[in-house]
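The block underneath contains the structure these notes are about, expressed in structure tokens.
Only the coordinates and a few stated rules stand behind these numbers; no lab work does. The shown structure was predicted, so the numbers you read here are calculated from the model rather than taken from an experiment. A quick note on method: Cβ atoms are made from the backbone with ideal geometry, for glycine too, and the neighbour counts reach across all protein chains shown.
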Amino acid sequence: MIRDKSAFSLFFDSFNYVFLTGFAILCLLPLAHILAVSLSGRAPATGGFVSFWPIDFTLENYEEVMGSPTFVRSFLISVARVLSGTSLNIVLIILTAYPLSKTPRVFKGRTIFIWFFVFAMLFDGGLIPSFLVVRSLGLLNTLGSLILPNAVPIFSVILMMNFFRDVPKELEESALIDGASHWKVLWYIYIPLSLPAIATLTLFAAVNHWNAWFDGLIYMTDNANYPMQTFLRTVVVEYDLTNVGIDPRDLQRLSDRAIRGAQIIVATVPILVVYPFLQRYFISGIKLGAVKE
Amino acid sequence: MPFKQYMKRAWPLYVMIVPGIVFVLLFRYYPMYGVVIAFQDFSPAKGFANSPWIGWENFEFLFSLPEFGRIFGNTLIIAVSKIVLDQIGAIILAILLNEARHILFRRSIQTMIYLPHFLSWIVLGGILLDILSVGGILNQALKQFGIQPQLFLGSNDWFRGTVIMSGFWKSVGFSTIVYLAALTAINPVLHEAAAIDGAGRFRRIWHITLPGIRPTIVLLAALSLGDVLQAGFEQILTLYSPAVYRTGDIIDTYVYRVGLISAQYSLAGAVGLFKSIIGFFLIVLSYWLADRFAGYRIL
């Protein structure tokens, strides 16, 4: 540890602390403003009098949001999506990564399989063909359209595979000699030893599902099926009151500025809840993606 | 080893990989086959297999459109500006964070600046549309300084700048992670030795810290090449409006409007294929460069 007590060094330190504090506050200021608006009375909010502290403090806007059948339905669709989509992702990531983590001697054809997945990651068929495929499979307006197309996140498979490769081979070899099958080796050796990596990928998959909205926009032609972020778009971005399947009066009510703020905050809260866990894990998650010899 | 004996042990591996292959075939490879619509007069009733072939007609039409140069230019300008700003900002922030020795302070700052990365463009877009509106808090603040209200999202003078800066807001904090990891790998003995030899703060940053993260900078510069056509589809779709198509319409938003709003599948498919092919070569090139100059491999 260096103790540099020169005047310049002390000046540098103070400048650094002030600059970083200012920058960090600037990052959160917009969110703080919306939070203040969402907790304010509707008149001061609409009139633009609220800055970073609520005026006429009230929870009415949140009551209004949680009392709206349209909003609650979209919220529940999102919850269903996160639960089913994330589980599907994790099961498929583990099942796909395990064979790919073997050497071509243990898993013949590994080289072909790995290129099959890598090429699928690098070349994108594009939006229109993907949409036409989902439609031709009859998935429009089903939960399947939101969770099946990205059921195998290939980059996560590669991260998981690299993690599996670091599991000491001796454990596996002795288990196999004792007659254990690959199912048992995966379940009793690999999964318990990879829990931090699995936790990281689970959190990231869940955040992605919660935040996704574009697929909902194109695959849900009946707007009553919108997941929450997609529904939020019609309220806070589009102001489109002619949506099919949504009660226009309900939408009109939800478009009030303070209530819009409340909806933005409600969409943010689940992220804030998992955020401490995310932060604990994502450093190790990033390490997973680092250099492989 | 005889085949039968091999399979006795290895068959579960093949069972495990089947579901992944089925999903990827269906939702990645089948759409790749679907790019044939770019060479067809596609109609949904006839499908990929039976729509009439028309050769390069869609591409000839596409290249003759005045919008084509515009969306291609906008995409490049926005994407490249974002990459450059984000990387430079991340390097500076990471070095400053690294210089702040107080561990709790550092953690708090990191917690605050990473957060926007985890919020969707609907949430961030909803916030931006509110604070950047004519009556929004930013224009109110500017009024205090006697500045007229600005249309940050509705005017062609501002739109790109707003997109680039709000992209910076979302991504820069998280981009510091890779650099911070590289910084912790620098041996502190180097800093101590330099300090004993009388090197000040700036000299140590310049001669020890920066060279220490040079491989990481090279690596990310190489990898970012794969992103020069990724201007931020979800962000722009959330923030733009017809008034700013001239400066803000990008390839992806164009494909979305032409293909899914106007249902001109073949034309949109041609634009999409054009982007996919260039994007594919850029990614392959970026991975090759990353391997060549920074020894980075994903496999």
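222 nm [θ] for chain B, helices only, -39500 (n - 2.57) per DSSP H run of 4+, per residue, to 500?
On the way: 16 runs with 199 residues, N = 299.
It comes out at -21000 deg cm²/dmol, rounded to the nearest 500.
Computed on chain A, with alpha-carbon pairs under 8 angstrom and 6+ residues apart, the relative contact order is 27 percent.
Proximity of backbone amide H atoms, modeled 1.01 Å from N, is registered between B:Gln40 and B:Ile54 at under 5 Å, excluding neighbours fewer than 5 places apart on the same chain. Sequence-ordered 3J(HN,Hα) estimates for the range A:201-216 from the Karplus curve with 6.51, -1.76 and 1.60 and θ = phi - 60° stand at 5, 4, 4, 5, 5, 5, 4, 4, 5, 5, 7, 5, 9, 5, 4, x Hz, glycine and proline given as x. Pairwise inverse Cα distances across the range B:68-294, averaged and inverted, put the Kirkwood hydrodynamic radius at 20.0 Å.
Stretched out fully, how many nm does the piece from B:Ala263 to B:Ile88 gain, at 0.36 nm a residue minus the Cα gap?
Details: separation 175, 0.36 × 175 = 63.00 nm, distance 4.08 nm.
So the chain would gain 58.9 nm between B:Ala263 and B:Ile88.
With 19 Å as the limit, the listed pairs B:Lys46/B:Lys275; A:Lys108/B:Lys4; B:Lys82/B:Lys143; A:Lys184/B:Lys4; A:Lys184/B:Lys8; A:Lys102/A:Lys184 have B:Lys46/B:Lys275; B:Lys82/B:Lys143; A:Lys184/B:Lys4 beyond it between alpha carbons. Here the simple spin-label model places points 7 Å from the Cα toward Cβ, and for B:Asn156 and A:Gln252 these points are separated by 3.7 nm. Distance from the Cα centroid of the range A:174-218 to that of the range A:1-53 is 38 Å (rounded to whole angstrom). Helical runs assigned H by DSSP (4 residues or longer) give chain A a calculated mean residue ellipticity at 222 nm of -21000 deg cm²/dmol, each run adding -39500 (n - 2.57) before division by the residue total. Here the dipole of the protein assembly as shown is about 1400 debye; that uses its Cα centre as origin and unit charges on the Cβ of Lys and Arg (positive) and Asp and Glu (negative). Evaluated at q = 0.16, 0.24 Å⁻¹, the base-10 log of the normalised Debye intensity for the range B:224-289, with identical point scatterers placed on the Cα atoms, takes the values -0.59, -1.04. Inter-chain Cβ neighbour count for A:29-36, averaged per residue, equals 4 (cutoff 10 Å, partner chain atoms only). The distance separating the Cα centre of the range B:1-37 from that of the range A:144-169 comes to 14 Å.
Remark: relative contact order (the range B:68-294) = 31 percent; criterion is Cα-Cα distance under 8 angstrom and separation of 6 or more residues. Can you tell me what percent of all Cα-Cα pairs in chain A are more than 36 Å apart? Here the tail beyond 36 Å accounts for 37 percent of pairs.
Does the range A:1-158 come out rounded, prolate or oblate by the C-alpha gyration tensor, with a ≥ b ≥ c the root eigenvalues, rounded set by a/c under 1.5 and, if not, prolate when a/b is larger than b/c and oblate if not?
oblate
What whole-number distance in Å separates the alpha-carbon centres of the range A:263-281 and the range A:56-110? Between the Cα centre of the range A:263-281 and that of the range A:56-110, the gap is 14 Å.
For chymotrypsin sites (Phe, Trp or Tyr not before Pro), the sites in the range B:4-102 that DSSP calls loop and that have at most 14 other Cβ atoms within 10 Å are B:Trp56.
Short-range pairs are left out: with C-alpha atoms under 8 Å and at least six residues apart, the relative contact order of the range A:7-58 is 29 percent. Excluding the sites themselves, what is the longest stretch of chain B that contains no trypsin sites (Lys or Arg not before Pro) in a DSSP loop with at most 15 other C-beta atoms within 10 Å? Within chain B, the longest run free of exposed trypsin sites (Lys or Arg not before Pro) spans B:102-296.
Our summary of shape: the Cα atoms of the protein assembly as shown have principal axis extents of 84, 76, 50 Å, ordered from largest down, in whole angstrom.
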